[in-house]
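Got a structure here, written out as structure tokens. Questions coming.
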Amino acid sequence: MVTRHRWLKEIPNKSSKSLYVPETIEALLSEGRSFPPPESFSIQANVSDGSIYEEAERDYVSFWEKWAERLDWHTKWDQALQWDPPYAKWFVGGKLNACFNCVDRHTDGDLSEKVAIISEGEPGDVRTFTYSEVKLEVARLANALKLLGVKKGDIVCIYMPMVAELAFAMLACTRIGAAHTVVFGGFSADALRERIADASAVCVITADGGWRRGKVVELKKTVDDAIAGATTVRNVLTLRRIGDSTAFNAGTWVVGRDHWWHELVTKESSDCPCEVMDSEDLLFTLYTSGSTGKPKGIVHTTGGYLTGTSATFHCIFDHKPSDIYWCTADCGWITGHSYVVYGPMANGATVLMYEGSPDTPDKDRFWKIVEKHKVTILYTAPTAIRTFMKWGEQFPGNCDLSSLRLLGTVGEPINPEAWVWYWKHIGNEKCPIVDTWWQTETGQILISPLPGLTRCKPGSATHPFPGIKAELFSEDGHLLEGAKGGYLVLTRPWPAMLRGLYNDHDRYVETYWSRFPGVYFTGDGAKRDDDGFLWLLGRVDDVMNVAGHRISTMEVESALVDHPAVAEAAVIGRSHEVKGQAISAFVLLRSGFEGDHLVGEIREHVASVIGPIARPDDLFVCADLPKTRSGKIMRRLLRDIAEGRALGDTTTLADSAVVAGLRQQYEHLES
Ligand code: PRX
């Protein structure tokens, strides 16, 4: 097994920002390895004819209309696309309900008794729900939400473990025309409070706790902290996941505000018609990190989102009625929205949800799950694959993975070694791998192989999905053709694209549409090779990608300076063999503060302000930070120091002695 510690290498770029290229990709390009789709797969694939690309290119709007027609519409649209940059409206005038499309139409058809959700808890409890059982649960919950005063247009915050009820909660909101904002259960009370406030959420759906690595994550207590004081939240509905009210303390119980799921929901009628929604009505907001400290509420609407996610699920995951599909993402992220709930369920898929960690009780947990449930399609993240590589192939090797027929990855660039390991040790050299590039903002996969058609090169997400126009721009906004590296932009609207940032038009324009006026800038760098394959190179802004999670350097910096001992802080993402990037923090202490204990304390402070995913991997107390003469911290140099590289251009440094001193200190710390 080979994993390079440093598989990102900086390539010189005339621009002020640097593009990073995976070193191994360079090696691979010269080596030219490629993997055609296995013939046995191609002959049965949902998409096996390359003319789909030409068809979509001829008229991309009609192409998407055909996919929209696979959905069940209450009223058909008058106009497929209204494009008024930077806002698109899809299927204008059309009416539908997303929950109806994901649940009711299957129960009205012949999927009523098909298993919709297999929910496996970390302690090993397994529950299955057919589509008709999901309908029952969702309709009751929807009625309970109405009883709590939730109305069409309201926003409900969901803060739950990865159990079936999380999907029910999303669908129940959707059923009554309320939007949801799901917050990942690993976020802290402060992060939850900020999201609840920004969305003006009226209700929170949570659980007493969830299981993670054999321990209880106390979700309800965190909700209590998040809504203490002034809040828009009027009601909290709590699922009893861990214990009964005596065995497990579910925080402070406020009469009138707090309700147990099992007391309220089970009493409700299962008769709850789906609200007829406009195609452009809000389906959900989801918060993601930007390059400032404040998270952005990404807005997704109904008809276009469901069209984009259901079409890509069908084509890219080659979904067949007999599949058992497992996406390991949490519903707190966009992958869980688009490819655990909406895309798969709109296709009537059987979806597996797993609550816990991959190493509980042992490092073979994922493979035991695949074996037990005969999973056929597995979608996970490169960081997980690199972790499995590190643990060793004996863990998957001792399990029967022969049910698998297709593998997928998402969230960050996959290094070719990890791709090949996945292909060999998980897919047994017979499963195509779809490396899917997309974002919270794009809602649906935009760049990916089609598994029955595309020849793959390990590490390349290959080509834009039919109908998608993904191009490369130079620093000065020129279109780059042929084998070039540049900024990845999207020059044509697609159905599941974001409809802006919640209550923040200016930031929407500034973040995505001003770098190259009139064109959507992804924030990613990419490279096109001689064969026209796209290689994603990671973020070119101040956003880190840590184990597939998007975290802004500013967010961590503001959590650091929030600690009383910290005067100033600078944060960078340094390359990391498993997580893709790790968080390195450089801090200056206020006078009067000193002591080694502060390092651990400050790291924990960040974890408590944002959540454990943002805890700096290393925290370095320094005497000074490298700054330009105008006072800007030169993060590029900090990255050079943390990654042990030769220092780049230092001519704009105000005081060149600072970096030399820093490097000495850093090396001392490493040794
Ligand atoms: O940098 C890209 C990276 O993840 C970013 C989007 O993060 P987020 O909104 O959290 O969504 C993650 C799940 C869709 C992108 O800007 N990214 C995502 N997928 C890939 C990727 N980078 C390379 N290859 C991918 N397949």
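The values are calculated or read from the model by the stated rules, or taken from the named source; none is laboratory data. These numbers were taken from a predicted model, which means no experiment stands behind them. With ideal geometry, Cβ positions are generated from the backbone for all residues, glycine too; neighbour counts draw on all protein chains shown. Side chains included, ligands, DNA and RNA excluded: accessible areas come from the protein's heavy atoms. Shrake-Rupley method; radii C 1.70, N 1.55, O 1.52, S 1.80 Å.
Under a point spin-label approximation (7 Å from Cα along Cα-to-Cβ), what is the R213-S514 distance to one decimal in nm?
4.1 nm
Within 10 Å of each candidate Cβ there may be at most 14 other Cβ atoms; applying that plus a DSSP loop requirement, which GluC sites (Glu not before Pro) in the range 414-450 survive?
Sites meeting the loop and neighbour criteria: E429.
Could you list the GluC sites (Glu not before Pro) in the range 33-69 that lie in coil according to DSSP, counting only those with at most 13 other Cβ atoms within 10 Å of their Cβ?
E69
Please state the shape class of the range 486-575: rounded when a/c is under 1.5, otherwise prolate if a/b exceeds b/c and oblate if not, all from the C-alpha gyration tensor.
Oblate.
Only helical DSSP H runs with n ≥ 4 go in: add -39500 (n - 2.57) per run for the chain, normalise by residue count and round the 222 nm mean residue ellipticity to 500 deg cm²/dmol.
Computed ellipticity for the chain at 222 nm equals -7500 deg cm²/dmol.
How much length is gained on full extension from A567 to E54, taking 0.36 nm per residue of separation minus their Cα-Cα distance?
Full extension from A567 to E54 adds 178.9 nm.
If Lys and Arg each add +1 and Asp and Glu each add -1, what is the summed charge of the other residues whose beta carbon sits under 12 Å from the beta carbon of G467?
Combined, the nearby Lys, Arg, Asp and Glu give -1.
When a/c is below 1.5 the answer is rounded, else prolate if a/b is larger than b/c, else oblate, so apply that to the range 30-169 with a ≥ b ≥ c taken from the square roots of the Cα gyration tensor eigenvalues.
Because a/c hits 1.5 or more and a/b fails to exceed b/c, the range 30-169 counts as oblate.
Shifting gears a bit: Evaluate the relative contact order of the range 23-142 (contact order divided by residue number), counting alpha-carbon pairs under 8 angstrom at least 6 apart; express in whole percent.
Across the range 23-142, relative contact order equals 14 percent.
Further question on the same structure: Amide H of G611: which non-local residues (sequence gap of 5 or more, or other chain) have their own amide H closer than 5 Å, using H built in the peptide plane?
S188
Right, next: Could you list, bin by bin from short to long, the percent of Cα-Cα pairs of the range 338-390 in 5 Å steps?
Each 5 Å bin holds this share of Cα pairs: 4, 15, 26, 26, 17, 8, 3, 0.
Where the accessible area of the chain is counted over protein heavy atoms with a 1.4 Å probe, how much of it, in %, is carbon and sulfur?
Solvent-exposed carbon and sulfur of the chain make up 50 percent of the total.
Sticking with this one: Which cross-chain or sequence-distant (5 or more) residues have an amide H under 5 Å from the amide H of A178, H modelled 1.01 Å from N in plane?
Close amide H contacts, sequence-distant or interchain: G153.
Excluding K151 itself, what net charge comes from residues whose Cβ is under 15 Å from its Cβ, given Lys and Arg +1 and Asp and Glu -1?
Taking every Cβ under 15 Å from that of K151, the sum is +1.
Let me ask something additional. Could you work out how far apart the two model spin labels at R127 and T292 are, taking each label as a point 7 Å from the Cα in the direction of the beta carbon, and quote it in nm?
4.2 nm
Pull up all non-local amide H partners of Y379: gap of 5 or more, or a different chain, and H-to-H distance under 5 Å with H placed in the peptide plane.
For Y379, the qualifying residues are W326, C327, T328, G408.
Using DSSP to define loop residues, name the GluC sites (Glu not before Pro) in the range 581-616 whose beta-carbon has at most 15 other beta-carbon atoms within 10 Å.
E594
Using each residue's phi in the range 262-270, evaluate 6.51 cos²θ - 1.76 cosθ + 1.60 at θ = phi - 60° and report the 3J(HN,Hα) Karplus result to the nearest Hz, with x for Gly and Pro.
5, 7, 8, 6, 5, 7, 7, 6, 8
Give the calculated FRET efficiency between S270 and S403 to the nearest 0.05, with a Förster radius of 30 Å applied to their Cβ-Cβ distance.
0.35
Let me ask something additional. Subtract the Cα-Cα distance of K151 and D506 from 0.36 nm times their separation in residues, and report this length gain in nm to one decimal.
The span from K151 to D506 would gain 125.0 nm if fully extended.
Once fully extended, how much extra length lies between R234 and W83, figured as 0.36 nm per residue of separation less the alpha-carbon to alpha-carbon distance?
Here the answer is 50.6 nm.
Which value, in debye to the nearest 20, gives the size of the charge dipole of the chain about its Cα centre, when Lys and Arg are +1 and Asp and Glu are -1 at the Cβ?
Roughly 160 debye, rounded to the nearest 20.
Then there is this: Within the chain, which is the longest segment that contains none of the trypsin sites (Lys or Arg not before Pro) sitting in a DSSP loop with at most 10 other Cβ atoms within 10 Å?
15-628
With a probe of 1.4 Å, find how much accessible area the chain has per residue, and write the answer as a whole number in Å².
For the chain, the solvent-accessible area averages 37 Å² per residue.
Looking at the square roots a ≥ b ≥ c of the eigenvalues of the Cα gyration tensor of the range 197-269, which shape do they give, rounded for a/c under 1.5, prolate if a/b is larger than b/c, or oblate?
oblate
Pairs K215/K368; K146/K296; K89/K146; K89/K457: which exceed 32 Å Cα-Cα?
K89/K457
Separate question: For an R0 of 22 angstrom, estimate the FRET efficiency from the Cβ-Cβ distance between S42 and N428 and round to the nearest 0.05.
The computed FRET efficiency comes out at 0.80.
Another question, then. Taking R0 as 51 Å, what FRET efficiency do you get between D530 and E604 from their Cβ-Cβ distance, rounded to the nearest 0.05?
0.55
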